[in-house]
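The block underneath contains the structure these notes are about, expressed in structure tokens.
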Amino acid sequence: MNKKIVIGIVVVAIAAIAVFFFAGDSKDASVTYVTVPAEVSDIRTSVTATGTIEAVTSVTVGTQVSGIVSHLYVDYNSVVKRGQVIAELDKTNLTSELASARANLSSQQSNLAYQKANFNRQQQLYSKGLISANDFEQARLSYQQAEQQVQTSMQSVRKAETNLGYATITAPIDGIVISKSVEEGQTVAASFNTPELFTIAQDLTNMRVIANIDEADIGEVKEGERVMFTVDAFPDDTFNGTVTQVRLEATTESNVVTYEVVISAPNADLKLKPGLTANVTIYTNEKTNVISIPTKALKFTPNEKMLTDDQVIKDCQGEHKVWTLDGNTFQAHPVQIGITNGIMTEITSGLKSGQKVITEFRLNGEEEGEGTQADNNPFMPKPRNRQQQKK
């Protein structure tokens, strides 16, 4: 391409850009202000988290003796009553141990009877001076030892009877079996810890959610606060609950500190199942039927450079204020604020319902901001202010 043509194109482009910017300055920009009426509404602040659904009361059933599982009488989802037999271990060895303990007790009782009769005889002879004191004391010692051996044998019998009873596994509570860890024929060993056989949940119509709340939010969570949560299994359903406990124990994982919060979860229709993940919203503060305005209205301040010659500003003192536009007058109103959820803020005094406040301005129909942000752009065309008109 000819070098002169290229240079000409560049010159035309630069001229067009210059015309664009200078033309913008030469025209009056149209400034409009967006107003929103104060309205009566509900404001809520909330904390979100995830948690796990579980039964309020669940008991792990184990065995205190070792042996082979000979019979299982329940399965998953079986409804059981307290005291109901749910499993049995093989009792052969336990029965033998009990029989041996009873036989030993019988032997010790026979020995006790002999030692008692011998002591009585030795006592009569000693009273007549026919035997020495040493012989008499020896007879009494043997009698006392025989009594102690009988007591020891009786304890052994009780222990054997108890162990035999442990071979019959019964339900400790009314409920439903939610897990089963053994099968018939399996050997369980109770040498160092108690083997887990079943887990029984007491009442699945009354569940709870254990939610993990971040340390930044835990200060807002208190007992009695209302909770709503959902589960992926029923995405169209919303469940209600209440915070019942804020646990003080902290858990640290990957440098993130969380606290457990217990939430009640009524489950009359049995939709909620143990182990489901709940997406929790805890309403930490709620107010209904209060006057509220958009929060950004509290950040708005009229831009003096954007005013036309006939517009005036009437400011006021106050920590918080909002602005109204009455004709050509920007009027500030001191207000007292209550709770906020970041989008809407409660107004406790200073405004009436329906009163319109300014939230933002727009330049040439385009949203610019909540105050003087447009002045920061050197290329933004500006309307004529008083100084410009005086020139």
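I want to confirm something. Restricting to the stretch 144-181 and keeping residues that are over 24 Å from Leu98 (Cβ atoms) and either among the hydrophobic types (A, V, I, L, M, F, W, C) or part of a helix (DSSP H, G or I) (or both), which single residue is nearest to the chain's Cα centre (by Cα)? Residue satisfying both the conditions and the ranking: Ile178.
Scanning the stretch 305-327 for residues that are outside any strand (DSSP E or B) and in contact with a helix residue (DSSP H, G or I) (Cβ under 8 Å, 6 or more places away or on another chain), we see that the one that is farthest from Val47 (Cα to Cα) is Asp309.
Per-residue answers, yes or no, for (1) within 30 Å of Val256 (Cβ to Cβ); (2) hydroxyl-bearing (Ser, Thr, Tyr); (3) at pLDDT 95 or above; (4) touching a Cys at 6+ places or on another chain (Cβ under 8 Å):
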| residue | (1), (2), (3), (4) |
| --- | --- |
| Gln144 | no, no, yes, no |
| Thr152 | no, yes, yes, no |
| Val182 | no, no, no, no |
| Gln186 | no, no, no, no |
| Ser191 | no, yes, no, no |
| Leu197 | no, no, no, no |
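Looking only at the stretch 234-245, decide whether some residue is surrounded by fewer than 11 Cβ atoms within 10 Å (Cβ to Cβ), under 16 Å from the mean Cα position of the chain (by Cα) and assigned to a strand (DSSP E or B). No, the stretch 234-245 contains no residue that is surrounded by fewer than 11 Cβ atoms within 10 Å (Cβ to Cβ), under 16 Å from the mean Cα position of the chain (by Cα) and assigned to a strand (DSSP E or B).
Just to be sure, is Ile339 of a type outside the set (D, E, K, R), modelled with pLDDT under 95 and not in a loop (DSSP other than H, G, I, E, B)? Yes, satisfied. Annotation: Gly83 fulfils all but one of (1) assigned to a loop (DSSP other than H, G, I, E, B); (2) touching an Asp or Glu at 6+ places or on another chain (Cβ under 7 Å); the unmet one is (2). For first residues located in the stretch 31-50 and in contact (Cβ under 8 Å) with a residue 24 or more places away in the chain, partners that are open to solvent by less than 60 Å² (accessible area, probe 1.4 Å) and acidic (Asp, Glu) and lie 6+ apart or on another chain with Cβ distances below 7 Å form the pairs Val34/Glu360; Ile43/Glu346; Val47/Asp217. Checked against (1) over 26 Å from Val61 (Cα atoms); (2) surrounded by fewer than 16 Cβ atoms within 10 Å (Cβ to Cβ), Asn212 meets all criteria but (2). Among the residues of the stretch 264-304, which ones are outside any strand (DSSP E or B) and more than 31 Å from the chain's Cα centre (by Cα)? If the condition is that a residue be outside any strand (DSSP E or B) and more than 31 Å from the chain's Cα centre (by Cα), then Lys296, Ala297, Leu298, Lys299, Phe300, Thr301, Pro302, Asn303, Glu304 are the ones that fit.
One residue alone among Ala250, Ala268, Ala278, Ala297 is within 30 Å of Val231 (Cα to Cα), crowded, with 17+ Cβ neighbours inside 10 Å and at pLDDT 90 or above, and that residue is Ala278. Check whether at least one residue in the stretch 251-263 is within 29 Å of Trp323 (Cβ to Cβ) and assigned to a loop (DSSP other than H, G, I, E, B), and report yes or no. No, the stretch 251-263 has no match at all. Residue count for the stretch 193-220 satisfying the condition of being in contact (Cβ under 8 Å) with a residue 12 or more places away in the chain and assigned to a loop (DSSP other than H, G, I, E, B): 8.
Restricting the stretch 113-129 to residues that are among the small types (Gly, Ala, Ser) and in a helix (DSSP H, G or I), the residue that is nearest to Glu147 (Cα to Cα) is Ala113. Would the stretch 82-101 turn up any residue that is open to solvent by 70 Å² or more (accessible area, probe 1.4 Å), at pLDDT 95 or above and over 23 Å from Pro195 (Cβ atoms)? Checking the stretch 82-101: at least one residue is open to solvent by 70 Å² or more (accessible area, probe 1.4 Å), at pLDDT 95 or above and over 23 Å from Pro195 (Cβ atoms).
If you go through the stretch 198-214 and keep only what is of a type in the set (Ser, Thr, Tyr) and closer than 20 Å to Phe239 by Cβ, you end up with just Thr205. Counting only strands (runs of 3 or more DSSP E) that fall entirely inside the stretch 26-76 and contain at least 2 residues that are among the polar types (S, T, N, Q) and open to solvent by 50 Å² or more (accessible area, probe 1.4 Å), the qualifying elements are 31-37, 39-55, 58-62.
The values are calculated or read from the model by the stated rules, or taken from the named source; none is laboratory data. Model, not experiment: these values are computed from the prediction. Cβ atoms come from the backbone with ideal geometry, glycine included; neighbour counts cover every protein chain shown. Heads up: the accessible areas ignore ligands, DNA and RNA and are worked out on the full protein's heavy atoms, side chains in. Shrake-Rupley method; radii C 1.70, N 1.55, O 1.52, S 1.80 Å.
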